[in-house]
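J.: Starting off with a structure, shown below.
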Amino acid sequence: MEAFTRFKSTAIPLPIENVDTDQIIPARFLKAITKEGFGDNLFRDWRYNRNNNEVPGFVLNNPKYGGKILVAGKNFGCGSSREHAAWAIDGYGIKVVISSFFADIFKGNALNNGLLPIQVSEDQLDMIFKAIEEDHQAQFEIDLEAQQFTICDNGTQIKFDIDNYKKECLLKGYDDIDYLLDLKEEIVAFENQRTIH
Amino acid sequence: MAKTLFDKIWDAHVVKDIDSTRQVVYIDRHFIHEVTSPQAFSGLRNRNIGLFRTNQTTATADHNVPTLNQHLPIKDPLSRSQVDALSQNCKEFGVELYQLGHELQGIVHVIGPELGITRPGMTIVCGDSHTSTHGAFGNIAFGIGTSQVEQVFASQCLILSKPKTMRITVNGDLQKGVTAKDVILYIISKLTAAGGTGYFVEYAGSTFDSMSMEERMTICNMSIEMGARGGMIAPDETTFKYIKGRKFAPKGEQYDQAIRYWSTLYTDADAVFDVEHSYEAADIGPMLTYGTNPGMGIQVSEHIPNASEYLDPKQLTKSLDYMGLQEGQLLEGQEIQHVFIGSCTNARIEDLRSVAKFVDGKQKADHVQVWIVPGSKQVEQQAKKEGLDKVFANAGFQLREPGCSACLGMNEDKVPAGDYCISTSNRNFEGRQGPGARTILASPLSAAAAAIEGKIVDVRKYLN
Ligand code: SF4
C-alpha cells in the first residue's frame, strides 16, 4: 500500500444519499481476478447508458469537475461487502471520500486500501457542496497527520476523526496483515487454550 | 457481570487488545467463494505465505455459476475464469472445495448450515455480506472484504472494533400466510436501510423462538439490509436438533460436550443493549418492497407513501421513477413478468416445500416466467426425492440448478430492463437483477401467489 501524503485537490460532488455498492460497481463487473481496472467501471450505470454512451448529465462525464476527492450524500457505500467498490474508487484516482455517514463495511474496506473516508456533519457537508457549486475549481486540502480538511477558498478548517491505529497504517502505508503476521505465537497460544465446539 | 449473547461469544474470541477500540479476534470458520477470494489468494502469493489454518476454511462456487446445464463448461469466459481460479487456488493452497457439480455445492450460506459446519458459539466470516445468515445458530457471523479474507487466510484472525448491540424483540403468533421473510422486511421497513448501522443485532421473543432454523436463517440473513453487521438468535433445542447428525457436526461424546457449552449461550437476564426495539407479530402482514432499497417496504394492504409524508422525498421520487410506480399506489394488482424463488434468503428445502404445497394443482399465469433456484445441490436432490420437481413442472415453474442466480445477476439469469420481478431474494437495488430490472422483494408464498395470478396479490385470501 502507498503511504498517504498531504495533498490539495478539486472535488467531485455527488449529492445523492444511500449510494450503494451496486451503483459504485455493478455486480456484473466483479468477475475479475485481479484488483486492476475497476476504475473504468466506477458508477457504470450512472455514467453510461445501455448503448455504452456517456450520460451527459452525470458528474464524472462533466469536464468541469474532477479531482482526487469525492463528496457524497449520507450513508455512502451501503449494500454488499464487495471491496471492489473501494478498488473502483481508488482505481479512478480518488484518494478521499467525504460524506456525512458511511456504511460500516465500506469504511473498513476503504481504509484497508489506502482510501480515506472522512465523516463530516450534515452542515459541513452542505458547506462543502456549496463551495464546489460556487466554484468548480475550488481547492481543498487534506492533511491526515493533522486530521484536518480545509476549504482553501475561505480557509474553513474541518477536523475529522480517525483512530490512531488506522491513521498510522495509512501514513506509513502498511496494512493489517503485516501486523497480524507478527502475532503468530500469540495466536497459536490462544488456539491451544480453547476448543471449537 | 451480566452479558449479552454477543458479548459472551466475542469475549471468548479476543486474542489481544490493540488499543481501546481495536482487538485481534480469532475466527473459527472461514467460508470462501469465487468472487471475493482470488485477489486474497494473489496477496498470499505476493507475500510468499500459505493459509494459516487450511482446515478451518471451506470453499464453494456459487455467485457466477450457470443454473442450467452445470455439467457443461461455463459459457461466459469471465465467469469461467473466476470459477477456474477458485479451483486452482484451492488446489494450490489445500482448501476443501465443493466445486460446480459436486454433490455438496451450493450457495455458501446454505451449505454451511446444512453440512453442520455452522454451529453455535463460533465466529464465522465470509467475503459476502449475507454471512449474517449463519447467526441463526447463535454465533457471530458477518461479511468481510477481500483484504480481510486475506487477513484470515494469513492469520485466522481479524482486527476489529467491537460493534454496539441492538436487541429486536417480536412476540406473539404470526397470521396465516405471514412468514419469516415478512417479519424481517417489516422490521427493516420500520428501522430503514441504515437503521442498524454500527450494531450487531440479537433477535429475541416468542415469535423467533417458535421459528424453524430455516426461518431463523431468513431473519438473520437480512440483518445486513438495515445496515447491521450481523444478526443472531440464541441457540435452543430447535438449533441442537437441526445440527445433530449433519455431516460435520460433532458426534457422540463431543456432541454432548458441545450441547453443554451451547446451552450457556444466551443473553443474561439483566444484560444491557445499546438499543432495543420491539414489535408485535400480530401487526405484521405480507410485505412487499416498492422502492430501491429493502427499507422501502409496505404491507400488501398499504399504499406506497406520498412524497410529502416520506422522510426523504427525493429518494422516494427517484426510486419510484426507476420502479415505474406512483406515490400513493397500491401494489396489489400490479402486473409482474418474472418470479424468482431462490437466494440465500429463501432457497432452502422448507421454502421449496411451502411453495410446492401452495401451487400443487395450480398453474402459473401465461405471461409469467417462474424460476425456482435451489440453494444447494442437496436441496435440489431433496426436492426431487420428495417429488416437488413434478409439482413445479405441472405448475409451469422451472426448477433450475443451485447458485446465486438472479439474486445478483452475475450469471445469465437476469431480469430484462423495465420488467417487474417478484423475488424472494434480499436486495432490490437498481440494476441488482440486471440493468433496468425492477425488483419487488417478498416471501416465497407471496411470490408463488403472484406467479399464479400474474400480478401481486394478498396471499392470505387463498389461505382463509
Ligand atoms: S444468493 Fe444473493 S445474497 Fe446470497 S450469497 Fe448469493 S448473491 Fe449474495
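J.: If packing is taken as the average number of other Cβ atoms within 10 Å across a peptide's residues, how do A:89-102, B:131-144 rank, most packed first?
T.: Going by the mean number of other Cβ atoms within 10 Å, highest first, we get B:131-144, A:89-102.
J.: Residue by residue, what Karplus-based ³J(HN,Hα) values in Hz, rounded to whole numbers, does the stretch B:51-65 have, using 6.51, -1.76 and 1.60 with θ = phi - 60° and x for Gly and Pro?
T.: Values, residue by residue: 6, 6, 9, 4, 7, 9, 10, 10, 10, 8, 9, 9, 5, 9, 6 Hz.
J.: Moving on. Whole number please: convex hull volume per residue of the Cα set in the stretch B:341-421, in Å³?
T.: With only Cα atoms used, the stretch B:341-421 gives 89 Å³ per residue.
J.: Can you tell me the convex hull volume per residue for chain A, based on C-alpha atoms, in Å³ to the nearest whole number?
T.: For chain A, the hull spanned by Cα atoms encloses 147 Å³ per residue.
J.: Can you list residues whose amide H is under 5 Å from B:Val457's amide H, if they're 5+ apart or on another chain and H is modeled 1.01 Å from N?
T.: B:Gly333, B:Ala450
J.: Let me make sure I get this right: for the stretch A:1-107, a, b and c are the square roots of the gyration tensor eigenvalues over alpha carbons, sorted descending. Under 1.5 in a/c it's rounded, otherwise prolate if a/b > b/c, else oblate. Which is it?
T.: Rounded, because the longest to shortest axis ratio a/c is under 1.5.
J.: I've got another one for you. Defining a contact as two alpha carbons under 8 Å apart and six or more residues distant in sequence, what relative contact order in percent does the stretch A:96-179 show?
T.: So the answer I get is 23 percent.
J.: So which residues of the stretch B:222-265 lose at least 40 Å² of accessible area, probe 1.4 Å, when you go from the chain by itself to every protein chain present?
T.: B:Arg229
J.: Carbon and sulfur together cover what percent of the accessible area of the stretch B:287-463 at a 1.4 Å probe radius?
T.: 48
J.: Let me ask you something else. Whenever you get a sec, compute what percent of the accessible area on the stretch A:55-197 sits on carbon and sulfur atoms (1.4 Å probe).
T.: In the stretch A:55-197, the share of accessible area belonging to carbon and sulfur is 46 percent.
J.: For the stretch B:1-131, which whole-number percentage of the solvent-accessible area (1.4 Å probe, protein heavy atoms only) is attributable to carbon and sulfur atoms?
T.: Summing carbon and sulfur atoms, their accessible area is 47 percent of the total for the stretch B:1-131.
J.: Report, to two decimal places, the Cα Rg of the stretch A:84-197 normalised by 2.2 N^0.38 Å (N = number of residues).
T.: Working it through for the stretch A:84-197, the quotient is 1.37.
J.: For B:Gln175 and B:Ala393 in the same chain, what is the full-extension length gain: residue separation times 0.36 nm, less their Cα-Cα distance, in nm?
T.: Full-extension gain reported as 75.5 nm.
J.: For A:Gly173, what residues show an amide H to amide H distance below 5 Å, using hydrogens built from the backbone and excluding near sequence neighbours?
T.: A:Phe4
J.: Would you jot down the residues in the stretch B:124-173 that end up with at least 50 Å² less accessible area in the complete protein assembly than in the chain alone, with a 1.4 Å probe?
T.: B:Ser147, B:Gln151, B:Ile159
J.: Follow-up. Of the DSSP beta bridges with both residues in the stretch A:42-197, give the percent that are antiparallel, rounding to the nearest 5.
T.: 55
J.: Continuing with this model, one more query. Any idea what Rg and Dmax come out to for the protein assembly as shown if you just take the C-alpha atoms, in Å?
T.: When restricted to Cα atoms, the protein assembly as shown yields Rg and Dmax of 23.9, 73 Å.
J.: Output ³J(HN,Hα) for the stretch B:177-189: one whole-Hz value per residue in order, computed from phi by the Karplus curve 6.51 cos²θ - 1.76 cosθ + 1.60 with θ = phi - 60°, and x for Gly and Pro.
T.: Karplus values, whole Hz, x for Gly and Pro: x, 9, 10, 4, 4, 5, 4, 6, 5, 5, 4, 5, 5.
J.: Report ³J(HN,Hα) in whole Hz for each residue of the stretch B:150-167, in order, from the Karplus equation J = 6.51 cos²θ - 1.76 cosθ + 1.60 where θ = phi - 60°; Gly and Pro get x.
T.: So the Karplus estimates, Gly and Pro as x, are 5, 4, 5, 3, 6, 9, 6, 9, 9, 9, 9, 9, 5, x, 7, 10, 10, 10 Hz.
J.: Another one. Work out the mean other chain Cβ neighbour count within 10 Å for the residues of B:301-311 and drop it here as an integer.
T.: If you average over the peptide's residues, the count of other-chain Cβ atoms is 0.
J.: Taking every DSSP beta bridge that has both residues in chain B, what percent is antiparallel when rounded to the nearest 5?
T.: Among the beta bridges of chain B, antiparallel pairing accounts for roughly 25 percent.
J.: Once label points are set 7 Å from the Cα along Cα→Cβ at both B:Leu68 and A:Asn53, what is their separation, rounded to one decimal in nm?
T.: 3.3
J.: Could you tell me the relative contact order of chain A? Use alpha-carbon pairs under 8 Å, at least six residues apart, and round to a whole percent.
T.: 26
J.: Here's another thing I want to ask about it. Hey, rough spin-label estimate for B:Ala307 and B:Lys16, points 7 angstrom out along Cα→Cβ, what's it come to in nanometres?
T.: Between B:Ala307 and B:Lys16, the label points sit 5.6 nm apart.
J.: Tell me the per residue accessible area of the protein assembly as shown using a 1.4 Å probe; a whole number in Å² is fine.
T.: Using a 1.4 Å probe on heavy atoms only, each residue of the protein assembly as shown averages 36 Å².
J.: Calculate I(q)/I(0) for the stretch B:197-279 by the Debye formula, one identical point scatterer on each C-alpha and no solvent, and give its log10 at q = 0.11 Å⁻¹ to two decimals.
T.: With no solvent term, the Cα-only Debye profile gives -0.36.
J.: May I pose another question? Summed for both chains, how many Å² of accessible area, to the nearest 100, are buried between A and B with a 1.4 Å probe?
T.: Counting both chains, the buried surface is close to 4900 Å².
J.: If you keep only loop residues by DSSP, which GluC sites (Glu not before Pro) in the stretch A:67-164 have at most 14 other Cβ atoms within 10 Å of their Cβ?
T.: A:Glu145
J.: For the stretch B:315-464, report the convex hull volume of the alpha-carbon atoms normalised per residue, in Å³, without decimals.
T.: 100
J.: Go through the stretch A:15-47 and flag every residue whose accessible area shrinks by 50 Å² or more with all protein chains in place compared to the isolated chain (probe 1.4 Å).
T.: With the partner chains in place, the stretch A:15-47 has these residues losing at least 50 Å²: A:Asp22, A:Arg28, A:Lys31, A:Ile33.
J.: Averaged across B:17-23, how many Cβ atoms of other chains sit within 10 Å of each residue's Cβ atom?
T.: 3
J.: Just to be sure I understand: of the beta bridges DSSP finds with both ends in the protein assembly as shown, what percent are antiparallel, rounded to 5?
T.: 30
J.: Here's a follow-up. What residues qualify as long-range amide H neighbours of A:Phe140, i.e. H under 5 Å apart, gap of 5 or more or another chain, H built at 1.01 Å from N?
T.: HN-HN under 5 Å from A:Phe140: A:Ser9, A:Thr10, A:Cys152.
J.: What Kirkwood hydrodynamic radius, in Å, does chain B give when the mean of 1/r is taken over all pairs of distinct Cα atoms and then inverted?
T.: Over chain B, the inverse of the mean reciprocal pair distance is 22.4 Å.
J.: From the square roots a ≥ b ≥ c of the eigenvalues of the alpha-carbon gyration tensor of the stretch B:259-391, which class results: rounded (a/c under 1.5), prolate (a/b over b/c), or oblate?
T.: The shape class here is oblate.
J.: Number of Lys-Lys pairs in the stretch B:287-463 under 22 Å by Cα, sequence gap 8 or more or different chains?
T.: 20
J.: Hey, with R₀ at 35 Å, roughly what FRET efficiency would B:Ser263 and B:Asn46 work out to, going by the Cβ-Cβ distance, to 0.05?
T.: Computed FRET efficiency for B:Ser263 and B:Asn46 comes out at 0.20.
The values are calculated or read from the model by the stated rules, or taken from the named source; none is laboratory data. Owing to the predicted nature of the structure, the values given are computational and were not obtained by experimental measurement. When we count neighbours, we look across all protein chains shown, and the Cβ atoms used for this are built from the backbone with ideal geometry, even at glycine. Only protein heavy atoms, including side chains, enter the accessible area calculation; ligands, DNA and RNA are left aside. Shrake-Rupley method; radii C 1.70, N 1.55, O 1.52, S 1.80 Å.
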